[in-house]
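Below: one structure, written as C-alpha cells.
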Amino acid sequence: MAFELPKLPYGHHELEPHIDSWTMEIHHGKHHAGYTKKLNAAIAGTDLEGKDILDILKNLDVNNAGVRNNGGGFYNHSLFWSVMKPNGGGKPSGELATAIDAAYGSFDGFKEKFAAAAGTRFGSGWAWLCVHKGGKVEVCSTPNQDNPIMPGIGCGGTPILGLDVWEHAYYLNFQNKRPDYVKAFFNVINWDEVSKRYAADK
Ligand code: MN
C-alpha cells in the first residue's frame, strides 16, 4: 500500500500566533504532500514497496537520493506535526524530565542546546531530541531531510522531538529570524506526545 499524507491533528490556524495558518497550509498541503508523493514514486516497483517507513529508513542505502530525501521528508514531517499542539509548551515531567536534567543539567540547559542545534544548522535541516536504548537523551541536528534513524547520520537513537528549520517552515511569518521561530516552537510543543515517544523508544 502506498504511503498517505497523514491528517494534521489540529486545524491550520490552531498553532497561531506561534506558527501561522498560511505556513501550515503550504507546509502540510504542498511540501509534506510532495515528499509523500515522491516517496511513493521512488519505491514503486522496487523491493521497498510495501515496507514500513521505519524499516526503510533504518536500512537506507544513503546513495539512493530519492528514497533518502523523500522518505526522510515523509517521516520527519509526520513526527513534526505530532509533537506540536495548540496551547502546548511548558515543560516535560516524569522520566523524560529526569533524562533531560541528567543530560543537560536543567530544562533551560536543554532549551539552550536545542536552540543552538537549530540555529547553527547551516541551510536546511532539522534539530532533534533523540533517545538511546537505556534512556539517555541527546540533541543533534541533521541536514536536508536526513534524520537520526538513517544509518550513520546524526546522533543515533530514535528522534522523539524534531524541529524543521527549512526556510519553508518559517519564512512567511519570521523571514530570516530563525531564532524567533525556534522560540515560538517552544510554545507549541506537545510534551505529552514527546514523553509517550520517550517511553516507547527508550
Ligand atoms: Mn518542512
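The values are calculated or read from the model by the stated rules, or taken from the named source; none is laboratory data. Fair warning: this is a prediction, and the values are worked out from it, not measured in the lab. Cβ atoms come from the backbone with ideal geometry, glycine included; neighbour counts cover every protein chain shown. Heavy atoms of the whole protein, side chains included, go into the accessibility calculation; ligands, DNA and RNA do not. Shrake-Rupley method; radii C 1.70, N 1.55, O 1.52, S 1.80 Å.
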* Asked: Within segment 54-80, can you find the residues that are farther than 15 Å from SER195 by Cα and within 16 Å of the ligand (Cβ to nearest atom)?
  -> ARG68, ASN69, ASN70, GLY71, GLY72, GLY73, PHE74, TYR75, ASN76, HIS77, SER78
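Right, ASN87: of a type outside the set (Gly, Ala, Ser), under 20 Å from VAL67 (Cα atoms) and either at pLDDT 95 or above or not assigned by TED's automatic domain parsing to the domain that holds HIS31 (or both) or not? Outline the logic, then answer.
Details: of a type outside the set (Gly, Ala, Ser): yes; under 20 Å from VAL67 (Cα atoms): no; either at pLDDT 95 or above or not assigned by TED's automatic domain parsing to the domain that holds HIS31 (or both): yes.
Against the criterion (of a type outside the set (Gly, Ala, Ser), under 20 Å from VAL67 (Cα atoms) and either at pLDDT 95 or above or not assigned by TED's automatic domain parsing to the domain that holds HIS31 (or both)), ASN87 does not qualify.
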* Asked: Got a sec? Which helices (runs of 4 or more DSSP H) wholly within segment 103-202 have at least 1 residues that are without any contact (Cβ under 8 Å) to a residue 40 or more places away in the chain, more than 14 Å from the chain's Cα centre (by Cα) and more than 16 Å from the ligand (Cβ to nearest atom)?
  -> 107-120, 178-185, 191-201
* **Pairs, first among the basic types (Lys, Arg) in segment 26-52, second at pLDDT 95 or above, C-beta under 6 Å, six or more apart** => LYS38/ASN70
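Just to be sure, is HIS28 open to solvent by 60 Å² or more (accessible area, probe 1.4 Å) and either away from the ligand (no atom under 16 Å from the Cβ) or at pLDDT 95 or above (or both)?
no
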* Structure fact -> Per the filter on segment 158-183, residues buried (at least 19 other Cβ atoms within 10 Å of the Cβ) and aliphatic (A, V, I, L, M) are ILE160, LEU161, LEU163, VAL165, ALA169, VAL182
* To do: Please state which one of LEU39, LEU5 is within 16 Å of the ligand (Cβ to nearest atom), over 22 Å from PHE174 (Cβ atoms) and within 16 Å of the chain's Cα centre (by Cα).
  => LEU5
* How do the pairs read when you match residues in segment 55-69 that are touching a residue at least 40 places away in the same chain (Cβ under 8 Å) with residues anywhere that are open to solvent by 70 Å² or more (accessible area, probe 1.4 Å) and acidic (Asp, Glu), using Cβ under 9 Å and keeping only pairs 6 or more apart or on different chains? -> ARG68/ASP61
